Amino acid sequence: MEVNCLAHAFSIALDEPVERIYDYLGHDGQMVVFGNEPSPYNRVGFHAQEMVRFALEVGKPVVPIERTPVSISRGGTLWNLDYVRIMDYLDGYDGVVAGMINGKAHAMAWDHKHRILRDRHYSLCFKDVNLDIEVFFVCNAR
């Protein structure tokens, strides 16, 4: 897992230099905070809410779509939406996919027209990816 994959994915999806994200947030995710863990798990990294905050700042708000949202009451879980729902969003919007990609925790930019995932190193065709999405951040709401 790359510690900066979330920042790079949002950089691509929002068409903003990653350095601008770092400057706005005041860090590059590299600070070691968990000394007993191996790299990159020992680094502060980024939280998705930092990316949401940056997107709002640059006038490009994002909408997080959870894979399995639930409504919980004192009586228990009231409803649970299935995985098919998130695919509807992938069909119509660009954004950032976060979850397990080919068995590793990762975040990549999503291009819905070309149906590819991109990060700063490579692109993957959707049909060739083992994808377990935790959250999809819509970055081009109409």
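Summary table
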| read-out | value |
| --- | --- |
| Criterion (touching an Asp or Glu at 6+ places or on another chain (Cβ under 9 Å) and more than 15 Å from A13 (Cα to Cα)) met by exactly one of I101, I133 | I101 |
| Condition met for R20 (more than 19 Å from H106 (Cα to Cα), over 15 Å from the mean Cα position of the chain (by Cα) and part of a helix (DSSP H, G or I)) | yes |
| Some residue of the range 67-77 being β-branched (V, I, T), closer than 20 Å to N130 by Cβ, outside any helix (DSSP H, G or I) and in contact with a helix residue (DSSP H, G or I) (Cβ under 8 Å, 6 or more places away or on another chain) | no |
| Per-region count, the range 33-56, residues part of a loop (DSSP other than H, G, I, E, B), surrounded by 12 or more Cβ atoms within 10 Å (Cβ to Cβ) and of a type in the set (G, A, S) | 1 |
| Boolean, V84 is farther than 20 Å from R118 by Cα, hydrophobic (A, V, I, L, M, F, W, C) and modelled with pLDDT under 90 | yes |
| Residues (more than 13 Å from the chain's Cα centre (by Cα) and of a type outside the set (A, V, I, L, M, F, W, C)) located in the range 46-62 | R53, E57, G59, K60, P61 |
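The values are calculated or read from the model by the stated rules, or taken from the named source; none is laboratory data. Keep in mind it's a predicted model, so treat the numbers as computed, not measured. Counting neighbours? That spans all protein chains shown, and the Cβs are built from the backbone with ideal geometry, glycine included.
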